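First the structure, in the form of structure tokens, and then the observations on it.
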Amino acid sequence: MRSIPCLTEPFYARLKIIQVHRRQISSKDSLVQVIELDMRKLRFRSDLKFPVSSNVVYALYAELLDCEFEFVGTIVKSIFLQKRAGFEYQLNYLEGVRTKKPSAGALLSAIAFLEALGHEEGQLNAKANNL
């Protein structure tokens, strides 16, 4: 699966719980560091411990390339990072979920368009990390 080229450097995003046991909720935002992003999943780090359950649905919001993107999914994996005193998570996107903002597919399309225009990866990194 193709990783998104502008995300060669970690960037910060906001994560919140939006559903528990099919009941809509709205938790407070938590700041997380996204370290990998592709069409099916993303990986992020946080000092906070989040529930790993198919019954808990998360929304992650990130401003990239001057647009806010929304990724909706469930956390399927959690790893405790002893040396870094935190956790690394994998969030798999839910299929068929309509988001109010563009998601991974739109982000890949935008990046492909920018690459076709000749933007260099370093320029994309600068924009991705400029939150």
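Which residue is nearest to Ser109 (Cα to Cα), if the candidates are limited to the stretch 11-39 and must be surrounded by 12 or more Cβ atoms within 10 Å (Cβ to Cβ) and of a type in the set (D, E, K, R)?
We begin by selecting, within the stretch 11-39, every residue surrounded by 12 or more Cβ atoms within 10 Å (Cβ to Cβ); these are 11-20, 25, 27, 29-39.
Of the ones still in play, those that are also of a type in the set (D, E, K, R) are 14, 16, 29, 36, 38.
Working: Arg14: 22, Lys16: 25, Asp29: 27, Glu36: 17, Asp38: 12 Å.
The residue in question is Asp38.
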Could you please give the count of residues in the stretch 76-98 that are among the hydrophobic types (A, V, I, L, M, F, W, C), surrounded by fewer than 17 Cβ atoms within 10 Å (Cβ to Cβ) and assigned to a strand (DSSP E or B)? 4
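Just for the stretch 26-75: of the residues that are acidic (Asp, Glu) and not in a strand (DSSP E or B), which one is nearest to Ala13 (Cα to Cα)?
Pass one, the stretch 26-75, residues acidic (Asp, Glu): 29, 36, 38, 47, 63, 66, 68, 70.
Pick out the ones that are also not in a strand (DSSP E or B) and you get 29, 47, 66.
Numbers: Asp29: 9, Asp47: 14, Asp66: 14 Å.
Applying the filter and picking the extreme gives Asp29.
Laboratory data are not the source of any read-out in this text; all were calculated from the coordinates shown. These numbers come from a predicted model, not from an experiment. Cβ sites come from the backbone with ideal geometry, for glycine too, and all protein chains shown count toward neighbours.
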